[in-house]
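Take this structure first; my questions come after.
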Amino acid sequence: HGKRRMHRPAETKTRGRAAGVALAAAFLAALITLIVYLPSLKYGFVTWDDPAYVYKNLYIRSIDPGFIKLVFTTWTVGNWHPLTMISLALDYSVWGVKPVGYHLTNIVFHAANTFLVGMIATRLVRSAGGALRGNGVELATLVAALLFGLHPLHVESVAWVSERKDVLFAFFFFLSVLAYLGYVSTPRSRGY
């Protein structure tokens with residue numbers, strides 16, 4: 001007990017290559033997702049919530065201590081989501097009221113989320129104990145990430161500016177899942 005298994009150079013090289021291929025599969029899925037959603041750059045704002053969140057919202061026009069206090073202490077359109085409001089304010093500081101920038105931010109976040117889903121799939125499949133051999137892990141990574149990235153359920157969240165809250169939530173949720181998976185895979189977390 002207490003002994004660590006030493007990896008041979010060839011085994012380490014194979015693991016490194018497999019990790020690189022899985023990373024490339026997740027990146028490919030994210031790139032495909034980004035390309036599929038690029039047409040939404042032509043869209044404008046929606047008259048449903050976008051006026052209250054963006055183009056008629058005077059509060060997002062300057063990021064100062066008053067704004068920060070406001071977003072952490074008030075609700076917008078019945079929701080309390082300071083990170084969303086800060087992100088929209090950052091977009092406003094770059095794009096003003098041009099919808100293309102807001103759509104681009106949503107697309108980039110969704111593509112990043114697709115990548116993170118691929119990385120989570122890789123970790124989960126590998127932790128299953130070798131159920132998949134050869135390129136199975138990489139294929140599982142690609143399929144899982146593409147199913148997430150291209151699923152029609154996400155269209156509203158990506159193509160509607162006011163749904164920034166959804167892509168932001170997903171981004172931080174997936175980061176936390178990856179952090180947790182990293183934590184539970186360390187010997188310390190298993191009581192060794």
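Can you give the direction-averaged projected area of the convex hull of the alpha-carbon atoms in segment 50-148, in nm²?
Mean shadow area of the hull around the Cα atoms is 8.4 nm².
If amide H atoms are built 1.01 Å from N in the plane of the peptide, which residues on other chains or at least 5 residues away come under 5 Å of the amide H of THR76?
Close amide H contacts, sequence-distant or interchain: HIS81.
Still on this structure, I have one more. So what's the net charge close to SER162: Lys and Arg +1, Asp and Glu -1, counting the other residues with Cβ under 14 Å from its Cβ?
My count for the surroundings of SER162 gives -3.
Each value in this text was obtained by applying a stated rule to the coordinates, not by laboratory testing. Predicted, not measured: the structure shown is a model, and the values here were computed from it. Heads up, the Cβs are rebuilt from the backbone with ideal geometry, glycines too, and the neighbour counts pull from every protein chain shown.
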